[in-house]
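For reference, the structure discussed in these notes is given below.
The values are calculated or read from the model by the stated rules, or taken from the named source; none is laboratory data. Remember, predicted model here, so these are calculated numbers, not experimental data. Note: ideal-geometry Cβ built from the backbone for every residue, glycine included; neighbour counts use all protein chains shown.
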Amino acid sequence: MTIKKKFFQLGFLAILIGLGLLSTSYGLLKLYYSSQGVICPLATQPLPTPAYYLTVDVAGAVNQPGVYQLSFDSRVAQAIEQAQGFSDQADQVFVQQQLNLADRLEDGAKLYIPFASERELQLANQNQSSVLQAEANLWQTDQLSSLSQDNLSSTKSSANLISINQASATTLDTLPGIGEKRAAKIIENRPYSKIEELVSKEVLSEGVFADLKELISL
């Protein structure tokens, strides 16, 4: 046996003896602390569990709503499965058109499945709003039409009146009871702030004014 091999064997034996002594010492210390009702300070403490799970809240039209713990890579379909699947009252239009069962879940997420009755109520409210809006539009159209007719009538009436501030003597002469002299006098006393000034300025008598006041304007 060579010297090198002999030293190797002795070193290996020393390591085994050291490990044995260490194990024996640890066992004796643990036994001692246990007998004293104290946790051994050398005892190995368990490491915290890694975040391999996520927690989601599944609510609405499922058979078993609740908070579930799933693996970190879970999808929506697995959360629905944990909640015992969709209930008979689930909104199938939402499930088929808007819910993506392949979506990845996030920790702390809330997954809500609406009821079919909620869609029916929403549609009813939308229809009612549409009817009310249509009625409001119709009323507004009628009001605008009526206002336009009134304005048209007023415009036509004003267009047929003769202005005592702007009409010529020839035009004023066409009024009942107004001749060439009275037409000249009307022009002479201009301007007028109101048609009644024809009487107050003694241009016309009250009788003549009464006969033509519906035919004149300022």
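The test for being at pLDDT 75 or above, more than 30 Å from ALA83 (Cβ to Cβ) and touching a strand residue (DSSP E or B) at 6+ places or on another chain (Cβ under 7 Å) holds for ILE195. Within this structure, ALA109 passes the test of being surrounded by 15 or more Cβ atoms within 10 Å (Cβ to Cβ), touching a strand residue (DSSP E or B) at 6+ places or on another chain (Cβ under 9 Å), modelled with pLDDT under 95 and assigned by TED's automatic domain parsing to the domain that holds ASP57.
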